[in-house]
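The block underneath contains the structure these notes are about, expressed in structure tokens.
Rule-based calculations on the coordinates, nothing more; no lab input. Keep in mind that what you see is a predicted model, and the values were worked out from it rather than measured. Quick reminder, even Gly has a Cβ in these numbers, built from the backbone with ideal geometry, and neighbours come from all protein chains shown.
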């Protein structure tokens, strides 16, 4: 039997879950799972060795399979570190081990033996044709019948301010998830963290673990920290009533439910349960909005959505609050204006200038390091990996209208510059423009299963 060949670029959660579904098909394709980092399965998000980096989703909702909701809990009890409850928050590194375990098991089943090839290299380009040729960074290439882009979140983008050469210096950490990015910090280095979201929280916990005790300032436009998860309700709330089509009316309904008392179906009374109940309808609501309404959402509501939707495990929230209370972390709201590199007898420092939110004048902090914690970049033509930039340059893919990621059709196929979709696909964060919520496992697992079905159908 001659099987078609599918290359999956990116072996983090998005790529691993797509591979699992393709391997589960007895007559499915051969797979090349390509990853530039060490390890297949965890990716950046789940490869952290810091036990204080906890999942932001409860263990009961972290199964890799949409149709087997208790799978992760069963794995924890039978093969993982030990039993956990559905409301617990597990270290992210443990979840990475879970994904690795699933790949190993899937690759050794009778129908999948010999079908999965793990390639530790970086995909850098494609030569189009009836069977495109995929080129790798170390010089190899091979023919493929389909290509899946599962590269995860792009690196952060540098703020567009005068930097006086900072961005080219070793005092600036452009990507805090790069291996060794925080290793050269001295314990007493004053640090400026750009951003106050989940990435900032992870970086602060990493600095704490390695003994850093210097001044830490976290700066963002609004100075908003992610909210904490509440204990799960004893009875899961029922579904929300249908959302009005207009964004303003939908927002009014959500606010009313969040502020009102619980009804007979457990809806309302706690904004967290209301926000959680939005998950099944978020994609449909996003896709129904016109382009201008989406732009208004991104411009005015996105920061508030992020801190309410993507919340912290209670233990992590307590740790961050304690650091703030003890003066170990200062969160400020303001607009970054410029950086100036300064040199004195003790070495180089960075003068960071920002305008306080709602205030006049400039504030200045002199720090030893600046860490970009602003989160994933948006314009993949600049912040995306080489394979995405090559696809865009050749017109084999195009950015979505909001420049949040790649343009795809309803089944996950990349849409080229000519408006035609072929046998190139995308899963996970690169598809944010189409689905909005594409970064958490409950969303990615559904998308990975759907794209796998599409590939099987397309390859005949």
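Structure notes:
- Evaluated at q = 0.06, 0.08, 0.11 Å⁻¹: base-10 log I(q)/I(0), Debye formula over Cα of the chain: -0.28, -0.50, -0.97
- Residues 294, 209, sorted so that the one with the fewest Cβ neighbours within 10 Å comes first: 209, 294
- Length-normalised contact order of the chain in % [C-alpha pairs under 8 Å, at least 6 apart]: 20 percent
- When each of the peptides 415-423, 25-33 is scored by the mean number of other C-beta atoms lying within 10 Å of its residues, the order from highest to lowest reads 25-33, 415-423.
- For segment 247-309, the fraction of alpha-carbon pairs in successive 5 Å shells from zero, as %: 4, 16, 25, 29, 15, 7, 3, 0
- Mean residue ellipticity at 222 nm, helices only, the chain: -9000 deg cm²/dmol; runs of at least 4 DSSP H residues each add -39,500 (n - 2.57), and the sum is divided by the number of residues.
- Cα convex hull volume per residue for segment 62-179 (Å³): 218 Å³
- Value of Rg to Rh for segment 199-342, rounded to two decimals, is 1.04; Kirkwood radius and Rg both from alpha-carbon coordinates.
- Treating r as the C-beta distance of residue 120 and residue 245 and R0 as 51 Å, the FRET efficiency rounds to 0.60.
- Protection proxy ranking, highest mean first, for peptides 55-61, 353-359, 371-377: 371-377, 55-61, 353-359, where packing is the per-residue count of other beta-carbon atoms within 10 Å, averaged.
- Of interest is the spacing of the C-alpha centroids, which for segment 287-339 and segment 115-139 amounts to 38 Å.
- Ordered by the count of other Cβ atoms within 10 Å of each Cβ, fewest first, 305, 177 give 305, 177.
- Panel order for 409, 276, by other beta carbons found within 10 Å of each beta carbon, from fewest to most: 409, 276.
- Most simply put, the chain has about 45% antiparallel DSSP beta bridges, counting only bridges with both residues inside it.
- Expressed to the nearest 5 percent, the antiparallel share of DSSP beta bridges inside segment 204-363 is 70 percent.
- Computed extension gain for residue 179 through residue 131, at 0.36 nm per residue and net of the alpha carbon distance, reaches 13.8 nm.
- Spatial separation of Cα centroids for segment 161-185 and segment 344-408, in angstrom: 12 Å
- Under the shape rule built on the C-alpha gyration tensor, where the axes satisfy a ≥ b ≥ c, segment 305-396 is oblate, since a/c reaches at least 1.5 while a/b does not exceed b/c.
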